[in-house]
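To keep things clear, I will list the structure first and then write my remarks on it.
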Amino acid sequence: MQQELRAAVERAIHAYVADTYGLTGRVSTVVKGANWTFVVRDGAQDRAFVRLYRTWGRSAADVASEMAVLRALQSTPALDASRPLIDHEGRSFSTFELPDRTRRLLGVFAPAAGRELAATPADWYRAGVALSDLHRQTRLTKLAPSRELLSEARDKETLAMIAERSPRLADDISKSLSLLLGAGASQSIGPTGLCHGDVRPMNMRVQDERVTFFDFDDCGRGPQWLDVAAMVLWLELTADDHVGALWKAFLTGYGVDENESFVYFVCRMVAGHQLRILRFLFDYCELDGALWADVLTQAKTTVSKAAHRQLRAFVS
């Protein structure tokens, strides 16, 4: 049944983008998660990516703000972004009716040129420069979705959700958060403005010296070192043996010194980003009991390491 639904939706997307955008090519699913992503491919060439936005938690106003950010973002020698394509009616997104009569917001994006970010200091330096160029475009802040990327009240709700599955793990995470706050990590430092919201190697492509970011679905306003912390979290979970070299190259590209106050604050941002990821899983994903246990245990370990400044980026 799921395969039949997927095939029916892919056929409907094929017809819709051909009629509305003039795009032809084979349509296939890339990711079927909370957001459903498709690629339009002509032979070996990717012509566009189509996103069906999740059915709740993402308003038309949010999507309009995301598109406004992407259209206004200024390319630099180090930075670009996957831009929304404009349909025949001049829209950057529209409402699409699936074969089962449900309706979802739909956006179509140009492919990001280049290759995947490699685990090399050179590529991580490029990523740092690109992120710095993004964060310096202060005019984008007023265009960003007006969502709270970090919220103490939301963190408490997430901890309550964790406690429903494991009171012990919720208590451990809460104690680590208290340790961070007690050490002064709650003091906000660094720039505030537009955040990408999900910075990680999988959301970047590299071509020559330029990094193209995509998947701005979680963008918003907040402490921009949250994006820096997202890369620390990714390094924590990677199997790469050269974490220290990658992190130093990224920081050099971004242009910030690793002093004590920076480390404490970024550790707090790592914990906050970890809770954001858990909340997304609670809100939009269905995991079995064993997988939930693994995910929550790993999150507890990560937040504990952040509280004790033992994250691999800072000790490698």
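The values are calculated or read from the model by the stated rules, or taken from the named source; none is laboratory data. What you see is a predicted model; the values in this text were computed from it and never measured. Glycine also receives a Cβ, built like all others from the backbone with ideal geometry; neighbour counts cover every protein chain displayed.
Filter the range 133-173 for residues that are of a type in the set (G, A, S) and under 25 Å from G220 (Cβ atoms); which is nearest to the chain's Cα centre (by Cα)? Step through it out loud before you land on a result.
Taking the range 133-173 and keeping what is of a type in the set (G, A, S), we get 144, 146, 151, 153, 160, 163, 166, 170.
Those left that are additionally under 25 Å from G220 (Cβ atoms): 144, 146, 151, 153, 160.
Values: A144: 14, S146: 16, S151: 17, A153: 21, A160: 24 Å.
Here the answer is A144.
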Worksheet, complete the sentence: Residues of the range 49-89 being in a loop (DSSP other than H, G, I, E, B) and either under 13 Å from L194 (Cβ atoms) or of a type in the set (F, W, Y) (or both), in sequence order, are Y53, W56, L73, Q74
Worksheet item: With R126, R147 as the choices, which residue is crowded, with 20+ Cβ neighbours inside 10 Å, in contact with a strand residue (DSSP E or B) (Cβ under 7 Å, 6 or more places away or on another chain), among the charged types (D, E, K, R) and in the same structural domain as T302 (by TED's automatic domain parsing)?
Response: R126
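Answer with yes or no whether R101 is among the charged types (D, E, K, R), closer than 21 Å to H196 by Cβ and not assigned by TED's automatic domain parsing to the domain that holds L296. Talk me through it step by step, then tell me what you get.
On the way: among the charged types (D, E, K, R): yes; closer than 21 Å to H196 by Cβ: no; not assigned by TED's automatic domain parsing to the domain that holds L296: yes.
In short, no.
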Worksheet entry | Residues within the range 1-24 that are within 15 Å of R51 (Cβ to Cβ) and outside any helix (DSSP H, G or I), tallied | 1
Worksheet item: Taking the range 263-297 as the region of interest, how many residues are under 19 Å from the mean Cα position of the chain (by Cα) and not in a loop (DSSP other than H, G, I, E, B)?
Response: 20
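For the condition farther than 26 Å from V30 by Cβ, touching a helix residue (DSSP H, G or I) at 6+ places or on another chain (Cβ under 7 Å) and not aromatic (F, W, Y), what is the one hit in P121, P99? Give the steps one after another, and end with the answer.
Working: P99 fails: farther than 26 Å from V30 by Cβ.
Unique residue meeting the criteria: P121.
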Discussion item. Being of a type in the set (V, I, T), in contact with a helix residue (DSSP H, G or I) (Cβ under 9 Å, 6 or more places away or on another chain), buried (at least 16 other Cβ atoms within 10 Å of the Cβ) and under 27 Å from T138 (Cα atoms): is that true of V69 here?
Written reply: yes
Worksheet item: So which residues in the range 183-198 are at pLDDT 95 or above and either in a loop (DSSP other than H, G, I, E, B) or more than 21 Å from the chain's Cα centre (by Cα) (or both)?
Response: H196, G197, D198
Worksheet item: Can you name the residue in the range 255-299 that is modelled with pLDDT of 90 or more, among the charged types (D, E, K, R) and under 24 Å from S166 (Cβ atoms) and is also surrounded by the most Cβ atoms within 10 Å (Cβ to Cβ) among such residues?
Response: R268
Response to the item:
Looking across the range 219-241 at residues that are surrounded by fewer than 19 Cβ atoms within 10 Å (Cβ to Cβ) and in a loop (DSSP other than H, G, I, E, B), the single one that is modelled with the highest pLDDT is T238
Fill in: Flag for L251 being free of Cβ contacts under 8 Å to residues at least 40 places away in the same chain, of a type in the set (A, V, I, L, M, F, W, C) and surrounded by fewer than 22 Cβ atoms within 10 Å (Cβ to Cβ)
no
